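Novice: Sending over a structure as structure tokens; questions will come in a sec.
The values are calculated or read from the model by the stated rules, or taken from the named source; none is laboratory data. Worth saying up front: this structure is predicted, and the values here are computed from it rather than measured. Cβ coordinates were reconstructed from backbone atoms using ideal geometry, including for glycine residues, and neighbour counts include every protein chain displayed. The accessibility values were calculated without ligands, DNA or RNA, using every heavy atom of the protein model including side chains. Shrake-Rupley method; radii C 1.70, N 1.55, O 1.52, S 1.80 Å.
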Amino acid sequence: SYPEWFKWLIWSFMLHAKRGMIQQYPLHLLIIGKRGTGKTSLFECLQEKSGETQEMASGANGTLKALIPSFRHTPAKIGYLGMATRYAFIDELFRYIKPSVSVQGKETIDEMFAHMNDLLEHRKRQFSSGNGNANVDMKARVIAATNPFSRSGESVEETLQRVDESFLSRFLILWQPENGEQVQLVRRAKQSELKTYDGVVLSKEE
């Protein structure tokens, strides 16, 4: 139920190697699209087949502190990005900060995402707090998905205005247009071919 170019994109992402003479940057993938485009189903399948030890993370069930080092406990927890061993599957990425959008300015939101930047570049870092230190050496590639901030579905330009550019620059961004080939194929898929539809279990055809 996906076009060939999309299958090759995912396959290439899962198997690509780092390149660069001086600094080898990992490639992370961010898929942005409205509900009902099969993002969650895709991630559940990839997570199961990838051999990743950590379960998929979801912004619907946590805060941004779950992804990065947290000092609420002793010893400090290094966070989901540090614990993932191969791939960090993150669903509903923007929902990690959405509760803050209406009450905090863009500068605060940018700061929240900026905490992830060094990790996304796979740089060894020590995070410190009055409660202790946490050494993190992230190895996993991130494949994240999210709905647009607004229900109506903003444009790519509006998303770039809302989210820190330095954070987004670490991702290859795939925008799913409402009338795009991939979205239409998913929505036309038979129930017997698509067992789950954005997290909702569907019954098979008789």
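Novice: Near the amide H of Leu174, under 5 Å away, which other amide H atoms are found, from residues 5 or more places off or on another chain, if H is placed in the peptide plane?
Specialist: Residues meeting the criterion, in which the H sits 1.01 Å from N, are Leu30, Ile31, Ile32.
Novice: Do any of Lys34/Lys77; Lys65/Lys139; Lys7/Lys65; Lys65/Lys124; Lys7/Lys39 go past 22 Å between their Cα atoms, and which?
Specialist: On the way: Lys34/Lys77 32 Å; Lys65/Lys139 18 Å; Lys7/Lys65 32 Å; Lys65/Lys124 18 Å; Lys7/Lys39 13 Å.
Listed pairs above 22 Å: Lys34/Lys77; Lys7/Lys65.
Novice: Give me the net charge for the shell around Val136: Cβ to Cβ below 11 angstrom, other residues only, Lys and Arg +1, Asp and Glu -1.
Specialist: On the way: positive: Lys77, Arg123, Lys124, Arg125, Lys139; negative: Asp118, Asp137.
Every neighbour counted, the sum reads +3.
Novice: Calculate the spin-label point distance for Cys45 paired with Leu27, positioning each point 7 Å from the Cα along the beta-carbon direction, and give it in nanometres.
Specialist: About 2.0 nm, to one decimal.
Novice: Let me ask you something else. For the stretch 45-97, with all protein chains present and a 1.4 Å probe, just round the carbon and sulfur fraction of the accessible area to a whole percent.
Specialist: Details: 1320 of 2650 Å².
Its accessible area is 50 percent carbon and sulfur atoms.
Novice: What FRET efficiency do you get for Trp11 and His122 if R0 is 25 Å and r is their Cβ-Cβ distance, rounded to the nearest 0.05? Show your work: numbers first, answer last.
Specialist: On the way: r = 21 Å, r/R0 = 0.86.
Once the sixth-power term is evaluated, E becomes 0.70.
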